[in-house]
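The values are calculated or read from the model by the stated rules, or taken from the named source; none is laboratory data. Only a predicted model underlies this, so the values are computations on that prediction, with no experimental measurement involved. With ideal geometry, Cβ positions are generated from the backbone for all residues, glycine too; neighbour counts draw on all protein chains shown.
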C-alpha cells in the first residue's frame, strides 16, 4: 500500500487534473439544478435519488468520452489505465443508477402504483429499459469469454447497447420533464447530448475516414517460432507515423476502419527511416488465428500510437530490466532495437520467459541485438530440453537477484506477458524492494 | 499496479459523485426549509425565479374574447336564475387570476358565495392544512 501511494504521489498532479476535469464535466447539471431549484416532492432522500439519477446519466455519457482514445487525457496514464478506469467507473455508475429508483421507491412507496401493468408509462419503461441495457452491457463485457462472444461482435454490441442505454435514459428524463423542465437545464442537456453525438461521429466516422486516407501495405509476412507471425507494414502514399518505442497500435486488416474490426497490437520494431512498422502476433484468438493467411499487398489501417510503455519516458535510469513472457516480448523488441540504434551504453537485462527453447520468436534477432549493446539476456524455459544449461521453471526472486546488477532498485522495469506472470513478477520485484513506480507494464486483456 | 491505480481513481470519482449528490440534496433541502415559513408568494421569486416569472406572465392573460360566458350564452343566466353563477360566470384564466377571479367575483361580493377553492390556491394553504 505504501508503494502504491508512492506511485500515486508521483502521478498525483496528473491524477488530480484528470479527476478534476472529470468532475468539472459531470457536475454542471447538479449545479444548475441548485441554481434553478424545482419545488420539492418528497424530501431529502427523494432529492438524493433524483441527484443520483442525473449523475448516473452524465457518468454514462462520459463513458463515451473516456473510451474515445483522446490522446491528451490518456497521455499521463496510458490507454490501458484509461480503459480500466472506464471499467471500474462502470461499477460505481451502476451502483449510482440502481440507487436512483431504489431511493425514490424507498422515499415514496406510493409511486410503486405506477409500476402497475395498467399504468406503465413511457417515462418508467424507458428508465427501466435503460437500466436493463446497462446491465446487459456489463454482463457481456465482464463475462464475454465465458459467454463465447467474439471480440468484433462484442465491440459492435457494446456500442449499440450503450447508445441505446443513453437514448432511453434521455427519453426517461424527457418524458418525466420535471427536474429538467427549466429551459437552462434543458439546454444544458441538449448541449451535452450534442457534444456526445459529435464525439461518436468523430470516433466512428471522422477518425476512420482519416485512417482511410493513410493506408498501409503488408510488405512481408514471416512465420516465427511459437505460432507467431511478424507482419511488416509500409506506409502507402504517406510518411508513416511518429511513435515511441514500446507503444501500441489499433490494427485493421482485411477490413475497412469503419467496420470496427480493429485489434490492439504492440509495435515490435524501432522507428524506421522508411516509416515501416513490424507487428509480431501470436495465434491466440478469433482474429489472430488467421493472421498467417495475410497476403502480401493487403491493405491495413493503423490507428496509433498509444501507450506509455516506453523507456523514452524514463531516460534518467541507470539501466533497464525487460521481462517478457511469451508474445509479451513483442514491445520489448521495439525497445531493445531502439536502444541499440541509439548506441545506448548502459547495462540492461532481459528475462525472456517461454515454454520451450524452440518457441522463442525472433530468437536470432535477440542474440544479434545483444551483441550491439550492453544487454544480458536470460532465457527462462518452463519446459527445458534435457541438455539445457540455463534457467528453467518460473521467474523467481532468487533468479532475479542472481542476474540483476547491484543498484537494481534504481533500474526501470518493463514487464509484458500473461497476466498471471505479470502479477507474480511484480510481487517478487516489490518484495526485493524495487519501488512500484519503477515497474511498468501494459495491460491488454481487458474484456 | 496500473490496474490498482485505475481502480483507486474510479472509486474516488464514484465517492466524490455520491458526495456531490448528497451535498446537492442537502443544499436543496436547506433552501426549501427556509422557504417553508414564508407566506408571501413573492418570496418564492428568490429561489424559483423562472417559476415566478412564468406565473407573472399569466397576468397578461386577458386576451380571451370569449371571457364572459354569460354574455356568450345568455340562456345560462336564465337557466341558473337564483344561483350566484347567474350573476357572473367567466372562462378560466391563468394561474395568476386563480384567487383574484374568485375574490373579485360578483358571486362572492354580492351573494357571499364561500369561494372555498381559493384556500388551496393560497400561499397559506400548507399552514391551513397543519391547523
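Which of the residues belonging to the stretch A:346-363 are surrounded by fewer than 19 Cβ atoms within 10 Å (Cβ to Cβ) and farther than 27 Å from residue A:305 by Cα?
Selection gives A:347, A:355, A:356, A:357, A:358, A:359.
If you go through the stretch A:424-443, how many residues are modelled with pLDDT under 90 and assigned to a helix (DSSP H, G or I)?
2
When the stretch A:276-302 is examined, which residues are found to be assigned to a strand (DSSP E or B) and within 18 Å of residue A:330 (Cα to Cα)?
Matches in the stretch A:276-302: A:277, A:278, A:279, A:280, A:281, A:282, A:302.
Which of the residues belonging to the stretch A:236-260 are under 24 Å from residue A:292 (Cβ atoms) and in contact with a strand residue (DSSP E or B) (Cβ under 6 Å, 6 or more places away or on another chain)?
Once the filter is applied, which keeps residues that are under 24 Å from residue A:292 (Cβ atoms) and in contact with a strand residue (DSSP E or B) (Cβ under 6 Å, 6 or more places away or on another chain), the stretch A:236-260 yields A:236, A:248, A:249, A:250, A:251, A:252, A:253, A:257.
Looking at B:95, B:29, B:51, which is the one that is at pLDDT below 90 and not assigned by TED's automatic domain parsing to the domain that holds residue B:122?
Every option except B:29 fails the conditions.
Mind listing whichever residues of the stretch A:159-171 are in contact (Cβ under 8 Å) with a residue 60 or more places away in the chain and within 25 Å of the chain's Cα centre (by Cα)?
Result: A:159, A:162, A:165, A:166.
Would you mind stating whether residue A:23 is farther than 24 Å from residue B:25 by Cβ and either within 10 Å of another protein chain (Cβ to nearest Cβ) or modelled with pLDDT under 75 (or both)? Quick ask: steps written out before the conclusion?
Values: farther than 24 Å from residue B:25 by Cβ: no; either within 10 Å of another protein chain (Cβ to nearest Cβ) or modelled with pLDDT under 75 (or both): yes.
Taking the combined requirement at face value, the residue does not satisfy it.
Does residue A:265 count as closer than 23 Å to residue A:344 by Cβ, touching a helix residue (DSSP H, G or I) at 6+ places or on another chain (Cβ under 9 Å) and touching a residue at least 12 places away in the same chain (Cβ under 8 Å)? Can you show your working first?
Numbers: closer than 23 Å to residue A:344 by Cβ: no; touching a helix residue (DSSP H, G or I) at 6+ places or on another chain (Cβ under 9 Å): yes; touching a residue at least 12 places away in the same chain (Cβ under 8 Å): yes.
When the stated conditions are applied, residue A:265 does not pass them.
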